[in-house]
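Chemist: First, the structure itself, so that you have it in front of you.
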Amino acid sequence: MKKKCKICKTVELYYRNGIPTSKYCKPCRLTKEMEKKEKHKLTKTYQKSRFKTLHKKAWSFISIYVRSQGVDEYGYNHCYSCEVRLPLRDLQCGHFFHNKLDFDLRNLKPQCSGCNLYKHGNLAPYGVKLSKELGVKGMEKLRLDSHTTSYSNEDLEKIILLYND
């Protein structure tokens, strides 16, 4: 006696050595898999992993954009903190306020790895230059934004589209 699909009741099950390999026929099995994937997209775990993926991709694009601003004809730019002149590939994208303003161009400047990594951003000269650029009110606005700004998946997708060359 042949077994029938549990959903549509047809006799289209796959058999291996006389034993049915599934309770469902191929179309019903594909439908169930799609439903399972759609249900998974609603979970918090999926949303967090999607956010991390989008954040990483958006950071890579905006990092290239920031480092390439002010590049001379030879492909060199200056570190914002210590003024050393380096090729674009040796610079990093540094920021004054971390996490909340990762994609705010007022906060992002090119930095050498010495300042960004080993001196933890070299924030003293960075802050002095930034306050000269933005002024007291601009720095205060930046500080307030650092406490209130957060990014959603949609914001990150817009950033990716905007800075993807």
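Chemist: If we keep just the residues of region 77-106 that are touching an Asp or Glu at 6+ places or on another chain (Cβ under 9 Å) and among the aromatic types (Phe, Trp, Tyr), which is farthest from Lys129 (Cα to Cα)?
Modeler: Phe103
Chemist: Please verify whether region 117-126 includes one or more residues that are on the phi < 0 side of the Ramachandran plot, aromatic (Phe, Trp, Tyr) and surrounded by fewer than 17 Cβ atoms within 10 Å (Cβ to Cβ).
Modeler: yes
Chemist: Next question. Looking only at strands (runs of 3 or more DSSP E) that fall completely inside region 68-160, which ones have 2 or more residues that are farther than 17 Å from Ala58 by Cβ?
Modeler: Of the strands (runs of 3 or more DSSP E) lying wholly inside region 68-160, those with at least 2 residues that are farther than 17 Å from Ala58 by Cβ span 76-78, 85-87, 108-112.
Per-residue answers, yes or no, for (1) modelled with pLDDT of 85 or more; (2) assigned to a helix (DSSP H, G or I); (3) out of contact with any His (no Cβ under 8 Å at 6 or more places or on another chain):
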{"position": "Lys3", "(1), (2), (3)": "no, no, yes"}
{"position": "Thr10", "(1), (2), (3)": "no, no, yes"}
{"position": "Cys28", "(1), (2), (3)": "no, yes, yes"}
{"position": "Thr31", "(1), (2), (3)": "yes, yes, yes"}
{"position": "Lys37", "(1), (2), (3)": "yes, yes, yes"}
{"position": "Thr45", "(1), (2), (3)": "yes, yes, yes"}
{"position": "Ser49", "(1), (2), (3)": "yes, yes, yes"}
{"position": "Thr53", "(1), (2), (3)": "yes, yes, yes"}
{"position": "Lys57", "(1), (2), (3)": "yes, yes, yes"}
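Chemist: To continue, here is another question. Can you tell me which residues in region 72-91 are more than 23 Å from Gly127 (Cβ to Cβ) and touching a helix residue (DSSP H, G or I) at 6+ places or on another chain (Cβ under 6 Å)?
Modeler: Of everything in region 72-91, those that are more than 23 Å from Gly127 (Cβ to Cβ) and touching a helix residue (DSSP H, G or I) at 6+ places or on another chain (Cβ under 6 Å) turn out to be Gly75, Leu88.
Chemist: Let me ask something else about it. Exactly one of (1) buried (at least 17 other Cβ atoms within 10 Å of the Cβ); (2) farther than 30 Å from Lys37 by Cβ; (3) small (Gly, Ala, Ser) is unmet by Gly138. Its number?
Modeler: (1)
Chemist: Now for a different question. Please go through region 124-138 and give me each residue that is without any contact (Cβ under 8 Å) to a residue 40 or more places away in the chain and touching a Phe, Trp or Tyr at 6+ places or on another chain (Cβ under 9 Å), ordered by number.
Modeler: Gly127, Leu130
Chemist: Which of the numbered conditions does Ser49 fail, given that it passes all the others? Conditions: (1) among the small types (Gly, Ala, Ser); (2) surrounded by fewer than 19 Cβ atoms within 10 Å (Cβ to Cβ); (3) over 19 Å from Glu157 (Cα atoms).
Modeler: (3)
Chemist: Something else: Please enumerate the residues belonging to region 131-152 that are among the polar types (S, T, N, Q) and out of contact with any Lys or Arg (no Cβ under 8 Å at 6 or more places or on another chain).
Modeler: Keep residues of region 131-152 that are among the polar types (S, T, N, Q), which gives 131, 146, 148-150, 152.
Listed by number, the residues that qualify are Ser131, Ser152.
The values are calculated or read from the model by the stated rules, or taken from the named source; none is laboratory data. Please read all numbers here as calculations on a predicted model, not as lab measurements. Heads up, the Cβs are rebuilt from the backbone with ideal geometry, glycines too, and the neighbour counts pull from every protein chain shown.
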